[in-house]
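The values are calculated or read from the model by the stated rules, or taken from the named source; none is laboratory data. The structure displayed is predicted, hence computed values, not measured ones. Ideal geometry is used to build each Cβ from the backbone, glycine not excepted, and the neighbour counts take in all protein chains shown. The accessibility values were calculated without ligands, DNA or RNA, using every heavy atom of the protein model including side chains. Shrake-Rupley method; radii C 1.70, N 1.55, O 1.52, S 1.80 Å.
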Number of protein chains: 2
Amino acid sequence: MTLSALTAQATRQDNFATQVLSQLKQDILSGFYNPGEKLRMARLKERYNVGVSPLREALSQLLVEQLVVVENQRGFKVHPTSQAELQDIYQTRAAIEALCVGQAIDLGDDAWEASILAAAHQLKKSAPLLDDTLQNSQQWEKLHHNFHTVICLGCQSPALMQVRLGLYEKASRYRNLWLKQHMVDNAVFDANFKEHDELVETLLKRDKEKAVSMIKSHLLAPYVLLKDSQF
Amino acid sequence: MTLSALTAQATRQDNFATQVLSQLKQDILSGFYNPGEKLRMARLKERYNVGVSPLREALSQLLVEQLVVVENQRGFKVHPTSQAELQDIYQTRAAIEALCVGQAIDLGDDAWEASILAAAHQLKKSAPLLDDTLQNSQQWEKLHHNFHTVICLGCQSPALMQVRLGLYEKASRYRNLWLKQHMVDNAVFDANFKEHDELVETLLKRDKEKAVSMIKSHLLAPYVLLKDSQF
DNA sequence: CCCAGTAATAATGTCGACATTTTTGTGTAA
DNA sequence: TTACACAAAAATGTCGACATTATTACTGGG
């Protein structure tokens, strides 16, 4: 216990289940495990260097987040993918994030506007690196997500933000699976630099209707690419 | 294991964690445990007749649903309540359910309309019993929730329905805590029988704007009562 | 050759035990 | 009396072991 806790450079304020949760989630979202793949305990124990108890706790949480499924006495599997779920997730995500943006425009203050400009700036600065390594691509995606998160934070609703995050994660799984399959990186989705500038402008002008509409199409753009793929 | 599994009349297709999850959730939502109350393992083991493993799995799931909180090495507590969260939950719930209703009006078919009429009928039939026992009151609340669920099902989005359910549950916790505190039953909230009739009519007419508006005010009505209470 | 029934193998779900940490209780000194 | 240090008690988090259940392999009959 002390051994692996230290080797894993664990903050002592997290228990094993919490650590395993984030690793396991990352592995599922990144496509390390395939949809529907059986998650045998022996293998998981070996990979994450923990016993079954923390593993089952982590898997239980992923169960609620619908990233794994369970059948009694038959263990855990990675949540299967489907065209129907892909569509549901992307469309619902667009609707939810549109809701966030709409409320943010009503409620956002000066600090909100400032944070948007800051996030947009960081995003733009990292854009030139896009064609570079996978790591840079992931870094850009992180900034991209941060940009949208900051916008949504203006809605001032933790509940909405949490729902939004869950949908983002599930969508990112489909995106990652697609990227893995097609051997390209995030850059494919994000040729729309201009959209961000225009979005910022629209938000600062508090043009609710246009901003909501832009967000929806912005988030559904990747779906158009993904929807005809095989998962 | 076999013993308690049988005494609890357990369907063999559910493991202990699943059974404990529903009981524990029910106990939290019903207000059996107080907000912020410490959930000591010894007590939980005794109450639910299981070991720590299934308990921790169930609690892990409630953690994701934000019905409990955890601090490392200090165990689990019931999620605390707050005015801020009360407001966030009720307002977000209204927004989400309005979204469901809006989409349902766009997508709902004949079967959807029929199911609404059926649910409304059942609800109306059970209304006369309202002043009766606590059990009838809970039965009515169940039918009431079913009525709204059926309406929302027209949106044809499992993701949205799941989000909606989570918010309903959290809202119901606040409602139950309030009821417990004020020593009255659900009937207080539901003097609005006419609203249901009018809502059905509006839905069948596909008057989206009016239906969305009605749902919002319908769901926020209890909040007006709750918001000035002490939790 | 293929299928059914059965034995073996493997994997799951649960509990009890142990080490670690937190909390409680007690006594001493200022 | 209050504050602090230290000891005792309790509670948490984890693992290994065990019973139960599912899966695979094998054998014999059709």
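Taken as a whole, the structure leaves A:LYS77 outside the set of residues that are open to solvent by 20 Å² or more (accessible area, probe 1.4 Å) and more than 16 Å from DNA strand C (Cβ to nearest atom). Does region B:137-146 contain any residue that is closer than 30 Å to A:LEU86 by Cβ and out of contact with any helix residue (DSSP H, G or I) (no Cβ under 6 Å at 6 or more places or on another chain)? Within region B:137-146 (the criterion being closer than 30 Å to A:LEU86 by Cβ and out of contact with any helix residue (DSSP H, G or I) (no Cβ under 6 Å at 6 or more places or on another chain)), the answer is yes, since at least one residue qualifies. Just one of the listed residues (B:VAL163, B:VAL212) is at pLDDT 95 or above and under 18 Å from B:TRP112 (Cβ atoms), namely B:VAL212. Within this structure, B:GLN156 passes the test of being outside any helix (DSSP H, G or I) and either modelled with pLDDT of 95 or more or open to solvent by 50 Å² or more (accessible area, probe 1.4 Å) (or both).
Given the criteria within 17 Å of A:GLN91 (Cα to Cα) and either of a type in the set (S, T, N, Q) or open to solvent by less than 10 Å² (accessible area, probe 1.4 Å) (or both), does A:TYR174 qualify? It is true that A:TYR174 is within 17 Å of A:GLN91 (Cα to Cα) and either of a type in the set (S, T, N, Q) or open to solvent by less than 10 Å² (accessible area, probe 1.4 Å) (or both).
A Cβ distance below 7 Å, combined with a sequence gap of six or more or placement on separate chains, defines the contacts here; from region A:145-160, residues that are away from chain B (no Cβ under 13 Å) and over 11 Å from A:VAL101 (Cα atoms) reach residues that are among the aromatic types (Phe, Trp, Tyr) and open to solvent by 10 Å² or more (accessible area, probe 1.4 Å) in the pairs A:HIS145/A:TYR168. Pairs meeting the criteria (first residue in region A:101-129 and at negative phi, second residue part of a loop (DSSP other than H, G, I, E, B) and surrounded by fewer than 16 Cβ atoms within 10 Å (Cβ to Cβ), beta carbons under 9 Å, at least 6 apart or on different chains) are A:ILE105/A:ARG206; A:ILE105/A:ASP207; A:ASP106/A:ARG206; A:GLY108/A:ARG206.
Name the single residue that is farthest from DNA strand C (Cβ to nearest atom) among those in region B:28-41 being open to solvent by less than 20 Å² (accessible area, probe 1.4 Å) and in contact with a strand residue (DSSP E or B) (Cβ under 9 Å, 6 or more places away or on another chain). Going through the qualifying residues, I end up with B:ILE28.
The single condition among (1) at pLDDT below 95; (2) open to solvent by less than 40 Å² (accessible area, probe 1.4 Å); (3) within 12 Å of DNA strand D (Cβ to nearest atom) that B:LEU44 does not satisfy is (1).
Report those helices (runs of 4 or more DSSP H) wholly inside region A:25-119 carrying at least 3 residues which are more than 14 Å from chain B (Cβ to nearest Cβ).
A:41-48
Considering B:GLN23, B:GLN91, B:GLN66, the condition of being more than 11 Å from DNA strand D (Cβ to nearest atom), in the same structural domain as B:ILE215 (by TED's automatic domain parsing), open to solvent by 30 Å² or more (accessible area, probe 1.4 Å) and at pLDDT 95 or above is satisfied by B:GLN91 alone.
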